[in-house]
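Notes for the one structure printed next.
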Amino acid sequence: MAITRASLRFNGVCQQLMAHGPQRLLTSRVISSQGIIQCICSGDPVNRNKIHFGSALQLRHKSNTTASGETKTEDLNASKTYSFSEISKIVTSPSPRIVLIDAREPSELQSTGRIPGAKNLPINGSPDGLFLPAEDFEEKFGWEKPKSSDELVFYCKAGVRSRAAAGIARMAGWTQVSEYPGSWLDWVENGGKIER
């Protein structure tokens, strides 16, 4: 049952990625023994040999039964979370290894502003952004693609899109993925500085 739910969620991500280009879904499969869900899309609808996107997403939860018969459940996609005060420290003392990413759409940033120093990577409009080659990424978003060794800290308006963006970042190969679950609403409510 968990595999089916996770498969549907991941198929939704694949369909969302395909909506932004001429891709075609080639396969979407579940390998239950390994807890892997895989989606492969073709960049060329005529030639199925050209792979545009291929990735695997581990299931959200994994259960193991110990020798004593106890069942332990592990959240495989848990992100480190940041509070308002921790984000404030990142803003006042930036680290080149931590990239604060606003997952909202550019129109939202124009009307509200953003957390100072945050980069924009709109998850709804460009869900495949982190899969782009570095040169294409910089051309499309206007900032250098983060290194796979960087920690990516996502936020949005209320924490929903940032969670999706964090999952996509893990699919794209980042292992240090974090979220600010309070996101923009929490930032404004606590009197955080705004960059316009």
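Using a cut-off of 18 Å between Cα atoms, the listed pairs K80/K193; K119/K157; K147/K193; K140/K193; K145/K193; K157/K193 include K80/K193; K147/K193; K140/K193; K145/K193 as exceeding that distance.
Tell me the net charge near E195. Cut-off is 14 Å between Cβ atoms, E195 excluded, with +1 for each Lys or Arg and -1 for each Asp or Glu. Walk me through the numbers before you get to the answer.
Numbers: positive: R104, R114, K119, K193, R196; negative: D102, E108.
Cβ neighbours under 14 Å give a net charge of +3.
In a reduced charge model with +1 at each Lys and Arg Cβ and -1 at each Asp and Glu Cβ, region 80-189 shows a dipole moment near 260 debye about its Cα centre. For region 94-173, trypsin sites (Lys or Arg not before Pro) are listed when DSSP marks them as loop and at most 15 other Cβ atoms sit within 10 Å of their Cβ; the list is R97, K147. For region 100-170, GluC sites (Glu not before Pro) are listed when DSSP marks them as loop and at most 15 other Cβ atoms sit within 10 Å of their Cβ; the list is E144.
How much FRET efficiency would the formula 1/(1 + (r/R0)^6) give for K193 and E139, where r is the Cβ-Cβ distance and R0 is 30 Å, rounded to 0.05?
Details: r = 29 Å, r/R0 = 0.98.
The pair K193/E139 has a calculated efficiency of 0.55.
Computing FRET efficiency as 1/(1 + (r/R0)^6) for L185 and A78, where r is the C-beta to C-beta distance and R0 is 22 Å, gives about 0.50.
Where a number appears in this text, it was derived from the coordinates with a stated rule and is not lab data. As the structure is a prediction and not an experimental result, all values here were calculated from the model. Virtual Cβ from ideal backbone geometry, glycine too; neighbours counted across all protein chains shown.
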